[in-house]
Amino acid sequence: MKILSTLLLTAALGGVGMGGWQIAQPPADATAPPTVTLPAGVYNWRPSGDWLSNGRPVSPPLIRRAYDAPLEIMAYHVTRGAYAECLNAGACPDTDTDLSRAELPMVGVSFLDAEAYAAWLSDATGATWRLPSDEEWQRAAAERFVDDAVLGGDWETYDPGKWLTDSYARNIENRDGWVHPVQPAGAYGVNSRGLHDLAGNVWEWTSTCQTAGEIADDGTMEVTRERCFVRVVAGQHRAMVLEFVRDAKSGGCGAGVPPDYLGFRLVRES
Amino acid sequence: MISRRAALLGVAGMAAAPLLAKAAKAESAPDMSMAAAADVSHLPRIRHELVAPPFVHAHEQVATGGPRVVEFTMDIIEKEMQVADDAWVQAMTFNGSVPGPMMVVHEGDYLELTLRNPHTNMLEHNIDFHAATGALGGGALTKVMPGEQTILRFKATRPGVFVYHCAPGGAMIPWHVVSGMSGAVMILPRDGLKDHQGNPVRYDRVAYIGENDFYIPRDDSGRYIRYPDAVSGYSDMMDKMNTLTPTHVVFNGAVGALTGDRALKATVGEKVLFIHAQANRDSRPHLIGGHGDLVWEAGKFNNPPARDFETWFIRGGSAGAALYEFLQPGVYAYVNHNLIEAVNLGATAHVVVEGDWNNDLMEQVMAPTAYGSF
Ligand SMILES: [Cu+2]
C-alpha cells in the first residue's frame, strides 16, 4: 500500500488544520515510544464474538469491569520510522508499505507483522511488548470506543432485515465515501486517557481471537469456539480480519465498509 | 481476556465483574426464528443425497403433489486439487467438488440446506444463493467458522437455474470463488419445462457444466507454484487475479475433466439439458456439430426459450440452460467459444453419442482426394 501524493496529503492536512486539530510530535526513537499508563479502575467492556442465547443470536452484554492493575500502552501508533528499524534489523517482514515518511503511522501490516515487531521491540528494549487484547483496547480507548452491539429493538418483533440494516448503518457511521491519506501522528486528537489517534482511519490489531459462545439465562457467558487465525481489529468499528491480511479491504466486514488501513500500537507488560 | 472453553466470564482474575444478564436481552440481535415464523411443519419433507457434477441427483421433472421441504447437506472441504498436468490449486469446495453439486427443487418448494464447515478447514465460509431472497442471498445468515454448521431454508419462488457461491466478505469473496466455491441450483416449474409454444418438454439427461477460471501464480522459471495451503498462496493469487487474465478456464474443475474416459455420453434421439454455470466471468457455450434447440440463455424458466442458437452467452454470475436433441452419432465438443480459452486454457468437454448416422442431414459426397483429380 502506497501513500498518496504529497500534494493530496498537504491538501488534506490543510483541511484538518482549519478544523483545529492538533498535530503532535511523532515519537522520535522506536525503542523509547511514549506511553500512557491507565490506572487500575472501572470501565465498560463489550465483548466481541458471536453469541447465542437459547439458540438465538444476541449481542453480548455491556459488562462493567473493575481491573486492579494499571495498563501501560503506547500513546501513538507504531510509526513507519519505528517499523523501519525493525525491518532494517531483519526482524520484521517487508510489507511493501512506503516507509519514506517516517513520521506517518505504519499501515499495511498484518497481525503477523505486528507480532514480529512486538518481538523485536521486546528484544531491543528488554521489556515485554505485545498487542493489546480487544478488552484492553476498549479500556484504553474509553469514549473513543464505538459500541457495536446491535442497538435496541423489540425482541419479539425484530427481524433479520432490520438487524442487517442497523448493522450496516452503524458500520458506515462517520465514514465518508473516500479513504483519506494516512495522517501524521496526532492528527486525530487525543482521548481522555492520553491516547492519540484512536478510531481515525487507522484500525488497530488486537490479540483477541474470533470467538463464538453461549449466554445462559443467568447471564453466564461461555466461549465455546475460538479461532485464532482471525483477530479482532479495533477502530471506528470492530472487524474480524485474517492474521495474514495487510490490506483492510480483505477484512471481514461483510457488506459493510471495511477498515481503511491496518496499523497497531503495543502494550508494555509491567 | 476470555479464556477458552468452559471458562466463565468474570472469574478470570478480575477484581469484580458483575455480568449484566438483562442487557443481553434488551440489546439482542434479531430473533430470526420468531421474525421469520414460517410454518413449514405441515409440509412433507424429502431428503436428497448430493452427487458430484456433471451428474445431478434423481429428481422429478414434473412435481407430483404440493410443495415440500427439500433437505440437503453439504460439507465445505478445503483441499488441493489438480487443475492441469502441471498445475494445482488449494481449492475451497462445496462438498468436495468443483463446481459444487447441483440441488434441484420445484417452484414453491423450500430448499433447506445444512451447511457444515469441518474443523479441519482453515477458513470461514458461507453461501449466497442467487435463487434466494434477502440477507445477501443467505450469505449474512450462513457464515460458519471451521467447526460450525448452520441451516438455511429459503423458498424457491423463481423457476430457473441459478448460481450459488461463497461470499464471506471483502477480498475473501473473489478469492473463495476463484478457488472453486461455486455451484448451481435448479428450480423447475411444478409442471415441468415448456417450449416456446408452451408445450411440455422433457429431458433424458442433465449435463451440469460448471465453468471455473483459475489464477495460478508461476515462479521465476515459469512453473506453476504449488502451495502448502490456501493461505500461503493468497497474496500471489491476489496479484494474479487482479490481472483479470486467468491461467486456466476449465469445466468441472480441471483440464480434461469431461473428455476421454470422462466424456459425457448420449444416444441419438436423446434430449440433453446442458446447464452451464459461471460464478465469476462471462462465457459463451457452443456445441460443435450441434445446436441449442431451446435455450434459456439467462437460465430463468418463466421466459420462453429461444430457438436454434449456435452459441449462447452466460453472464458471469449466472447459469443458463440449453436443451438439445442429438440427431447424429459421433463426438461433439462442448466448448467456451472463445477458442483460446477452449483449446489453450482448458474449456472443452466432449459428448460421445451412439446411434445411426443420418445421411440426409450430412453426407460426405466425395472423400478428400488429390487436387484436380475430378
Ligand atoms: Cu468460502
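The values are calculated or read from the model by the stated rules, or taken from the named source; none is laboratory data. Quick caveat: nothing in here was measured; it's all calculated off a predicted structure. Don't worry about glycine lacking a Cβ; one is built from the backbone with ideal geometry, like all the others, and counts go over all protein chains shown. Just so you know, the surface numbers come from the protein's heavy atoms only, side chains and all, with ligands and any DNA or RNA stripped out. Shrake-Rupley method; radii C 1.70, N 1.55, O 1.52, S 1.80 Å.
Annotations for the structure displayed:
- Set B:Leu273, B:Leu327: member being open to solvent by 50 Å² or more (accessible area, probe 1.4 Å) and at pLDDT 95 or above: B:Leu327
- Those residues of segment B:217-254 which are surrounded by fewer than 20 Cβ atoms within 10 Å (Cβ to Cβ), of a type outside the set (Ser, Thr, Tyr) and touching a strand residue (DSSP E or B) at 6+ places or on another chain (Cβ under 7 Å), in sequence order: B:Arg218, B:Ile225, B:Arg226, B:Asp229
- The test for being more than 8 Å from chain B (Cβ to nearest Cβ), open to solvent by 10 Å² or more (accessible area, probe 1.4 Å), farther than 17 Å from A:Glu136 by Cβ and among the hydrophobic types (A, V, I, L, M, F, W, C) holds for A:Val190.
- The residue list B:Pro368, B:Pro304 contains one member that is under 23 Å from B:Gly192 (Cα atoms) and outside any strand (DSSP E or B), which is B:Pro304.
Listed here are the residues, each with its yes/no results for (1) touching a residue at least 40 places away in the same chain (Cβ under 8 Å); (2) closer than 30 Å to A:Arg246 by Cα; (3) open to solvent by 10 Å² or more (accessible area, probe 1.4 Å).
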residue: A:Pro33; (1), (2), (3): yes, yes, yes
residue: A:Pro39; (1), (2), (3): no, no, yes
residue: A:Asn44; (1), (2), (3): yes, yes, yes
residue: A:Asn88; (1), (2), (3): no, yes, yes
residue: A:Ala91; (1), (2), (3): no, yes, yes
residue: A:Glu103; (1), (2), (3): yes, yes, yes
residue: A:Ser110; (1), (2), (3): yes, yes, no
residue: A:Ala118; (1), (2), (3): yes, yes, no
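- Residue match in segment B:108-119 (condition: within 11 Å of another protein chain (Cβ to nearest Cβ) and away from the ligand (no atom under 14 Å from the Cβ)): yes
- Scanning segment B:54-97 for residues that are assigned to a loop (DSSP other than H, G, I, E, B) and of a type in the set (A, V, I, L, M) gives B:Val56, B:Ala58, B:Val62, B:Ala63.
- Segment B:174-185 - residue that is farther than 17 Å from B:Asn252 by Cβ and open to solvent by less than 10 Å² (accessible area, probe 1.4 Å) and, of those, nearest to the ligand (Cβ to nearest atom): B:His176
- The conditions of being small (Gly, Ala, Ser), outside the structural domain of B:Phe129 (by TED's automatic domain parsing), surrounded by 16 or more Cβ atoms within 10 Å (Cβ to Cβ) and not in a loop (DSSP other than H, G, I, E, B) are met by B:Ala321.
- The single condition from (1) within 14 Å of chain A (Cβ to nearest Cβ); (2) within 16 Å of the ligand (Cβ to nearest atom); (3) open to solvent by 20 Å² or more (accessible area, probe 1.4 Å) that B:Asp75 fails is (1).
- Any hit, segment B:150-173, residues being open to solvent by 30 Å² or more (accessible area, probe 1.4 Å) and within 11 Å of the ligand (Cβ to nearest atom): yes
- Residue check, B:Glu211 within 16 Å of the ligand (Cβ to nearest atom), open to solvent by less than 60 Å² (accessible area, probe 1.4 Å) and among the acidic types (Asp, Glu): no
- Screening segment A:199-270 for strands (runs of 3 or more DSSP E) wholly inside it with 2 or more residues that are at the interface with chain B (Cβ under 9 Å from one of its Cβ atoms) returns the ranges A:202-215, A:221-234, A:239-242.
- Residue within segment B:326-339 that is assigned by TED's automatic domain parsing to the domain that holds B:Gly253 and touching a helix residue (DSSP H, G or I) at 6+ places or on another chain (Cβ under 6 Å) present: yes
- Of all residues assigned to segment B:90-103, none qualifies as being open to solvent by less than 40 Å² (accessible area, probe 1.4 Å), more than 17 Å from the chain's Cα centre (by Cα), away from the ligand (no atom under 14 Å from the Cβ) and away from chain A (no Cβ under 14 Å).
- Yes/no for A:Ala84 being open to solvent by less than 30 Å² (accessible area, probe 1.4 Å) and out of contact with any helix residue (DSSP H, G or I) (no Cβ under 8 Å at 6 or more places or on another chain): yes
- Residues in segment B:302-317 that are among the aromatic types (Phe, Trp, Tyr) and open to solvent by less than 20 Å² (accessible area, probe 1.4 Å): B:Trp312 alone.
- Candidate set from segment B:120-132 (those that are aliphatic (A, V, I, L, M) and surrounded by 20 or more Cβ atoms within 10 Å (Cβ to Cβ)); member that is nearest to the other protein chains (Cβ to nearest Cβ): B:Leu123
- Residue among B:Ala135, B:Ala84 that is within 14 Å of chain A (Cβ to nearest Cβ) and more than 16 Å from the ligand (Cβ to nearest atom): B:Ala135
- Qualifying strands (runs of 3 or more DSSP E) (wholly inside segment A:22-136; at least 2 residues being touching a His at 6+ places or on another chain (Cβ under 7 Å), among the charged types (D, E, K, R) and away from chain B (no Cβ under 11 Å)): none
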